[in-house]
Amino acid sequence: MGIDQILAAVLGFSAALLAGQFVIPYLRSQRIGQNIRNDGPKSHQSKAGTPVMGGVIFIIAAPVGTLLYCAVTGIKVNASQVTLLAFPILYATLGAIDDYRKVRTGRSLGLRAREKMALQVLFAALFMFFVSTQGRGSSIIVPFTGAELDLGIFYGIFVIFVVVGAGNGVNLTDGLDGLAAGTTTISLLGYLYIVKVYESLPNAPALSTPVLAWIGALLGFLYYNRHPAKVFMGDTGSNALGALLAAIAILTRTELVLVFMAGIPVIEALSDIAQVFSFQLFGKRILKMAPLHHHFELLGIKETAIVRAFWIAQAALALVGIFSMAYTG
């Protein structure tokens with residue numbers, strides 16, 4: 001990675017810091033604040049009213065960082081870079097609708113489950129259609145083997161599953177100050193290594209610049225989102241980050257590696273699914289509260305300690321993901 005490419009991260013970081021100075025006061029002035037569930041951890045009640053929809057900060061900053069970098073260096077923006085900027089913004093609109101409903105109804109629940117799922121599938125299908133026009137093909141890399149598996153006609157369904165799963169996983173992870181932004185930043189650092197080392201992967205050489213810009217933008221957002229958070233990303237941000245991770249995986253054919261690269265969102269989603277199934281089948285909850293980070297909160301562990309532990313766990317999982325690529329040519 002050339003030293004000049006670091007400029008993309010610096011520009012994304014600077015744009016996020018600057019955007020936060022305008023976005024956060026605006027959200028406060030419009031009383032776009034977080035509604036807290038009554039059945040959640042009591043420590044969260046103090047967070048009521050904290051500005052939400054703060055994901056707008058990095059959604060603005062990452063494209064600005066990428067485009068400014070390209071303008072300064074004279075590099076032309078290609079289709080894969082546009083995808084990594086535009087698709088998260090598209091998916092963020094779904095989260096924005098959800099956030100807006102929550103704020104205006106004064107409840108912690110926004111879109112109905114079936115409404116949200118229908119829109120998620122629709123946007124994922126649109127993404128699949130766009131990728132198919134770019135000659136993506138239908139093969140995926142099998143971790144730890146270097147082999148490729150051609151899913152054929154089933155690839156479209158697989159892509160929808162990956163996009164929807166990633167979006168919901170990051171959404172569930174976004175429950176503590178800095179948790180979702182931090183774990184996603186670590187995931188992106190892992191993917192940055194992969195696209196730089198394995199340049200034979202589809203689209204890899206072009207993705208490093210927007211990935212760096214997203215890393216910088218998220219670090220800038222973390223300045224405001226670290227404990228105690230001055231702003232929350234909301235579903236606007238978590239949907240965008242889920243779409244971002246899914247898009248990187250799909251463009252590089254590393255969808256199965258994403259299980260490790262986004263390991264914490266995967267674990268959070270599985271914990272939520274397990275909780276529901278356990279209660280439905282046996283009438284018992286296996287966790288004090290789902291997703292998993294809330295269980296640890298209710299065990300009396302400090303929020304900052306949980307976030308640090310999850311960051312470390314995500315770093316370890318990302319290393320496993322990187323190692324799984326060792327047999328790839």
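The values are calculated or read from the model by the stated rules, or taken from the named source; none is laboratory data. In this text, all values refer to a predicted model and were calculated from it rather than measured experimentally. FYI the Cβ positions are ideal-geometry reconstructions off the backbone, even for glycines, and counts take in every protein chain you see. Note: areas computed on protein heavy atoms with side chains; ligands, DNA, RNA excluded. Shrake-Rupley method; radii C 1.70, N 1.55, O 1.52, S 1.80 Å.
In deg cm²/dmol and to the nearest 500, what is the mean residue ellipticity at 222 nm of the chain if only DSSP H runs of at least 4 residues count, each as -39500 (n - 2.57), divided by the residue total?
Numbers: 12 runs with 221 residues, N = 329.
It comes out at -23000 deg cm²/dmol, rounded to the nearest 500.
Using a 1.4 Å probe, what is the accessible area per residue for the chain, in Å²? Before the final figure, lay out the partial values.
Values: 14630 Å² over 329 residues.
Using a 1.4 Å probe on heavy atoms only, each residue of the chain averages 44 Å².
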* Which value, in Å² rounded to 10, gives the accessible area of LEU244 with a 1.4 Å probe and all protein chains present? -> 0
* Structure fact -> Between ALA326 and LEU298, the two model label points (7 Å from Cα along the beta-carbon direction) sit apart by a distance in nm of 4.0
* Can you pull the accessible area of ARG226 for me, 1.4 Å probe, Å² to the nearest 10? -> 110
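Using the Cα centre of segment 181-329 as the reference point, and only Cβ charges (+1 on K/R, -1 on D/E), how large is the resulting charge dipole? Debye, rounded to the nearest 20.
On the way: 9 positive and 7 negative charges, 62 e Å.
So the dipole magnitude of segment 181-329 works out to roughly 300 debye.
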* Excluding residues on the same chain fewer than 8 positions from LYS284, give the lysines whose Cα lies under 25 Å from its Cα. => LYS42
* R0 = 30 Å: FRET efficiency of ARG285 with ALA48, Cβ-based, nearest 0.05? -> 0.75
* To do: Quick one: accessible surface of HIS227, probe radius 1.4 Å, all protein chains present, in square angstrom to the nearest 10.
  => 90
* Name the most mobile residue of ILE250, ILE32, ILE75, meaning the one with the largest mean-square fluctuation, in a Gaussian network model of the chain with Cα contacts below 10 Å. => ILE75
* Structure fact -> Surpassing 24 Å at the alpha-carbon level, of the pairs LYS102/LYS302; LYS230/LYS302; LYS116/LYS288; LYS116/LYS230; LYS102/LYS230, are LYS102/LYS302; LYS116/LYS288; LYS116/LYS230
* Structure fact -> Those helices of the chain passing the 24 Å axial Cα length cut-off and the mean Kyte-Doolittle cut-off of 0.5 (DSSP H runs only) are 6-29, 56-73, 113-133, 155-173, 179-197, 204-225, 234-252, 263-282, 303-323
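Could you check how much of the accessible area of the chain is carbon and sulfur, as a whole percent, using a 1.4 Å probe? Intermediate values should be presented prior to the final figure.
Details: 9850 of 14630 Å².
Carbon-and-sulfur percentage of accessible area, whole number: 67.
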* Label-point separation, ALA147 to GLU115 (7 Å along Cα→Cβ), nm -> 4.6
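Sort segment 244-329 into rounded, prolate or oblate with this rule: let a ≥ b ≥ c be the square roots of the eigenvalues of the Cα gyration tensor; rounded if a/c is under 1.5, and if a/c is not under 1.5, prolate when a/b is larger than b/c, oblate otherwise. Walk me through the numbers before you get to the answer.
Values: a/c = 2.99, a/b = 1.67, b/c = 1.79.
Here segment 244-329 falls in the oblate category.
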* What ranking, highest mean first, results for peptides 196-209, 254-267, 86-99 when packing means the other Cβ atoms within 10 Å averaged over each residue? -> 254-267, 86-99, 196-209
